[in-house]
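Heads up: the structure comes next, in structure tokens.
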Amino acid sequence: MKIHFLITLFALLALALPHSADAKVRGTKHDLSGRSAGDGMDQICFFCHTPHTVLPATPAWSRAQSTIIYTPYWSPTLEATVGQPTGSSKICLSCHDGTIARASAPDPTKARGPRMGFFGLSQRANLTSDLSDDHPISFIYDSALALEDRELVDPALLPNEILLDANDEMQCTSCHDPHASSYPKFLAMSNAYSELCTACHDKQGWEQSAHSTSPAGWNGSGTNPWPYSSETSVAANGCANCHTAHGAGIAESLLVFPREEDNCFSCHDGSTADTNVLAEFRKSFRHPVESSFGSHVATEAPFAMPRHVECQDCHNPHAAFQGEAAAPDIPASLSGVSGVGASGTPVEIARYEYEVCFRCHADGPDVPSPYIERQILEPNIRLKMDIRNPSYHPVVAQGQNVDVPSLIYPLRETSMIYCSDCHSGSAGSAQFGIRGPHGSDWPFLLEQPYSVADGTIESYQAYALCYKCHDRNLLLSDGPTGIHNKHVVEEDTTCSVCHDPHGISATQGNATNNSHLINFDISIVDRDPNTGMLMFEDMGSNHGQCYLSCHGTVHSPAEY
């Protein structure tokens, strides 16, 4: 009678479980029957379920639940309220927090002593009590949350495989089916090409982004960029190129590697991506992405954030893609990044490249002083390029000067340029498809040499950056621009002694004294001892005069 009673209970329990659960679990990591301690029973379901001493409101659960306090997930961009685990997640954690031994489950026959010996979980399966580096669980996922967080799909549109519990809470079982191993890691559906992730997450720009579409694969050199994935291409890995749901290296962003830049370098070192950007950051001058840790946050205010730079300050990995653009429009590689507009107002999505640069090189509290000591000193690059200024390089708008005969075709007075036309990789970086100020062999992250040292002997190499746009022969001729030959060639005076390449703010200069980017380097140029003035005066087309003293020569004034 007792045997028949137990058989009946076991049968009822099996009916309460998902269809063919026993068969699906057999042979998976959740099949612990071959690892039992002592009794040799070939049971599968009863390592987790039992007809006796069932825990209330559970699927006939046999294991004790932990009473410890967990550290929940948190992120500065998190809109959901995440507290202590509840429901099925609490059940999953009775094994996966690593605090309760297998022996805590009773023998289903009640006739023997505990039959489950203590076992250890693998590193990633042991979530511990610190869930801050794991995908958030046990939070209400409803339409109100999706409305508040514009990058979440409305739960009414979720596929059937993703299940919320009776309280509309996201649980472990929303992504994992513990009774089926049709997909790796007991996932409820395939995550190839981020199918599972994008069922809930609707990241703006993702579908056309390089990380969503690139067929590139790892060539086997360096560090495996996808240590927790079996997919073999960038597109197939999708979100897993950078993120992991459990045991993340950076908790709040669920990034795989603990250093922000390594999540980029793992592919962009020539092992997966065509371009070896890591090599750029090994050059003498570079944006110091490896100098800060944990400084960048997605919600940071550009005027209050501590000075730092990380790859994601300039690139949005969810939206960046390959494509062409013309100045001043934002290049495809910078798509989806926030910035600061020409007026000084933060913009959620930058439309122009300079808006990305202005995030750090404009109104922030820690903007460094200019390297060259100018007569008019202004560290704010945005103000130096304001379209109301007497002169500026045409980054934000067309230049003020309507007569620039030295420009090399196809450039003309109406042309505009990028910041990255001057500040970019050196030594052939562009021929390998790498643009932008990652690293350079030249100071100021310049694409080509630009000497600022007094006494420089003129050569094409010394001022290659200037001669990229301005015809060297014409500049140094005896024609309207002959003044350059006298100073640069005959007197070994650098371009930077007279010209401030970014521009001169209208709040400090004027069109008479600061046209043509004139802003003297006062470490070299001094006042005219006769008049006490240090001044350039624009007197019309190709005509002007200066009051100054330079290299022992007094202009009081000198006219050309």
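Observations on the model:
- By the Kirkwood approach, averaging reciprocal distances over each pair of separate Cα atoms, the stretch 206-294 gets a hydrodynamic radius of 13.6 Å.
- For the chain, a crude dipole built from +1 on the beta carbon of Lys and Arg and -1 on the beta carbon of Asp and Glu, taken about the Cα centre, is about 2480 debye to the nearest 20.
- Spread over its residues, the convex hull of the C-alpha atoms of the stretch 391-560 is 125 Å³ per residue.
- Other residues within the sphere of radius under 15 Å centred on the Cβ of Gly341, judged by their own Cβ, net out at -2 (K and R +1, D and E -1).
- Cβ-derived FRET efficiency at R0 51 Å, Thr345 paired with Ala64, nearest 0.05: 0.35
- Computed lengthening from Ile140 to Arg412, 0.36 nm per intervening residue step minus Cα-Cα distance: 92.1 nm
- Rel. contact order, % - alpha carbon contacts under 8 angstrom, at least six apart, the stretch 391-560: 15
- Summary of the geometry: the stretch 183-233 and the stretch 468-539, compared by the centres of their Cα atoms, lie 54 Å apart.
- Cβ-based net charge around His438, under 13 Å, with every Lys or Arg adding one and every Asp or Glu removing one: -4
- Shape call, the stretch 291-355: gyration tensor on alpha carbons, a/c limit 1.5: oblate
- Remark on Leu187: its backbone amide H falls under 5 Å from those of Asp177, a criterion applied only to residues 5 or more positions apart or on other chains, H modelled at 1.01 Å from N.
- Interatomic Cα distance distribution for the stretch 340-428, bins of 10 angstrom, percent: 15, 42, 35, 8
- For a straight C-alpha distance cut-off of 16 angstrom, the aspartates and glutamates reachable from Lys468 (same-chain residues fewer than eight places away being disregarded) are Glu413, Asp421, Glu447, Glu458.
- Distant-in-sequence amide contacts of His555, defined by a placed amide H-H separation under 5 Å and a gap of 5 or more residues or a different chain, comprise Leu548, Ser549, Cys550.
- Since only Ser496, Ala558, Ala210 are under comparison, the one whose Cα sits farthest along the positive direction of the charge dipole of the chain, derived from C-beta charges on Lys, Arg, Asp and Glu, is Ala210.
- Amide H contacts of Ile137 (H built 1.01 Å from N, in plane; Pro and chain starts excluded): Tyr73 sit under 5 Å, all sequence-distant by 5 or more or on other chains.
- Per-residue Cβ neighbour rank within 10 angstrom, fewest leading, Glu559, Glu290: Glu559, Glu290
- The chain - mean residue ellipticity at 222 nm from DSSP helices (-39,500 (n - 2.57) per run, n ≥ 4, rounded to 500): -3500 deg cm²/dmol
- The stretch 375-470, Cα convex hull volume normalised per residue, Å³: 137
- Over the chain, relative contact order from alpha-carbon pairs under 8 Å, at least 6 apart, %: 8
- Share of Cα-Cα pairs in the chain lying beyond 47 Å, as whole percent: 34
- GluC sites (Glu not before Pro) within the stretch 300-376: DSSP coil, no more than 12 neighbouring Cβ in 10 Å: Glu324, Glu348, Glu373
- Based on C-alpha pairs under 8 angstrom that are at least 6 apart in sequence, the stretch 468-560 has a relative contact order of 18 percent.
Values quoted throughout were computed directly from the atomic coordinates according to the rules given, and no laboratory measurement underlies them. Remember, it's a predicted structure, so these values are computed and weren't measured experimentally. Cβ coordinates were reconstructed from backbone atoms using ideal geometry, including for glycine residues, and neighbour counts include every protein chain displayed.
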